[in-house]
Amino acid sequence: MIDDEAAQAVRHWRATAPGAVLLDGFHALKHALRFGAEVRAAVTSDKAAAVELAAGLADDLTEVIADLLVEVEAGTLRDLVPRVHPTRVAALAVRRDRQRNLDELCTRPRPAPVVVLDNPRNLGNVGAVVRLAAGFGATGVVTTGDLDPWHPNAVRAGAGLHYATAVERLPVDALPEGPLYALDPEGADIRALTIPDDALLAFGSERHGISPELRKQATRLVALPMRPQVSSYNLATSVAMALFHWGGPPHPS
């Protein structure tokens with residue numbers, strides 16, 4: 001009976017949730033599955049709608065998602081997650097292996113840059129950057145400071161694409177090796193530079209910029225073009241501009 005299945009699913013969810021990564025919404029589940037996540041539990045308050053969504057947006061995963069999802073009451077779903085995603089889907093997965101991430105970040109030569117977020121303060125921005133990095137094929141995203149880049153709010157904003165790239169938190173003095181290009185208004189115009197594939201692209205917070213500690217380590221300070229009297233770009237916008245420049249045709253140095 002569906003009630004028995006739902007009750008068992010709820011018990012399993014509550015036993016699995018500590019230490020698991022919350023995949024909040026259909027798209028987070030879809031991306032996590034596509035990039036090899038080990039999904040331990042998945043629930044929805046409308047399985048028919050979720051399977052229909054999968055058929056339209058992820059036909060490669062429709063059967064997998066249909067097998068994983070267990071339907072529970074809407075009120076039960078609200079009890080299991082901090083806030084219900086509009087797609088009414090939630091799942092729990094195993095966090096990507098830290099050593100695997102570190103190996104990918106540190107192995108050289110790297111085929112693409114590592115994005116470094118220096119002491120970011122907004123989890124939504126962190127997730128947006130992870131999504132960008134995954135889309136551009138960056139080697140990974142490293143954060144410094146006290147925010148966990150795998151926090152549920154960051155994973156939600158990243159639409160589950162933490163599983164498509166290496167995402168870790170490291171101290172500034174333990175960053176992967178490679179030329180460090182730090183974004184700073186006093187730097188050289190990025191349009192006149194070629195960013196090497198194995199570079200670290202470092203971005204500070206919108207308010208404070210890069211830290212003095214990271215600035216000392218920088219191989220080069222780099223600036224994005226910006227109209228006078230405009231104070232800053234959104235963090236994810238800055239990362240997108242830099243990665244787009246890296247991925248474009250080479251520019252003379």
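The values are calculated or read from the model by the stated rules, or taken from the named source; none is laboratory data. Note that the structure is predicted; figures quoted are calculated from it, not measured. Please note: Cβ atoms are built from the backbone with ideal geometry, for glycine as well, and neighbour counts cover all protein chains shown. Ligands, DNA and RNA are excluded from the accessible area calculation, which covers all protein heavy atoms including side chains. Shrake-Rupley method; radii C 1.70, N 1.55, O 1.52, S 1.80 Å.
Per-structure values
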{"quantity": "Output for region 49-62, where each listed residue is closer than 15 Å to His85 by Cβ and open to solvent by 30 Å² or more (accessible area, probe 1.4 Å)", "calculated": "Ala49, Leu53, Leu57"}
{"quantity": "Residue match in region 3-15 (condition: surrounded by 15 or more Cβ atoms within 10 Å (Cβ to Cβ) and polar (S, T, N, Q))", "calculated": "no"}
{"quantity": "Residue that is crowded, with 20+ Cβ neighbours inside 10 Å, out of contact with any Gly (no Cβ under 6 Å at 6 or more places or on another chain) and either touching a residue at least 40 places away in the same chain (Cβ under 8 Å) or of a type in the set (Asp, Glu) (or both), where the choices are Ala159, Ala166, Ala240", "calculated": "Ala159"}
{"quantity": "Matching residues, region 83-97, being under 14 Å from Trp150 (Cβ atoms) and surrounded by 12 or more Cβ atoms within 10 Å (Cβ to Cβ)", "calculated": "Leu92, Ala93, Val94, Arg95, Arg96"}
{"quantity": "Filter result for the condition that a residue is modelled with pLDDT of 95 or more, farther than 23 Å from Gly247 by Cα and crowded, with 23+ Cβ neighbours inside 10 Å, over Leu105, Leu69, Leu80", "calculated": "Leu69"}
{"quantity": "Test: Arg100 is basic (Lys, Arg), part of a helix (DSSP H, G or I), out of contact with any Cys (no Cβ under 6 Å at 6 or more places or on another chain) and farther than 23 Å from Pro149 by Cβ", "calculated": "no"}
{"quantity": "Yes/no for Leu80 being farther than 30 Å from Ala48 by Cβ and touching a residue at least 40 places away in the same chain (Cβ under 8 Å)", "calculated": "no"}
{"quantity": "Every pair of residues 6+ apart whose Cβ atoms lie under 9 Å, when the first sits in region 101-114 and is without any contact (Cβ under 8 Å) to a residue 60 or more places away in the chain while the second is of a type in the set (Ser, Thr, Tyr)", "calculated": "Thr107/Thr139"}
{"quantity": "Within region 39-48, considering residues that are surrounded by 15 or more Cβ atoms within 10 Å (Cβ to Cβ) and either out of contact with any Asp or Glu (no Cβ under 8 Å at 6 or more places or on another chain) or among the hydrophobic types (A, V, I, L, M, F, W, C) (or both), the one farthest from Leu80 (Cα to Cα)", "calculated": "Val39"}
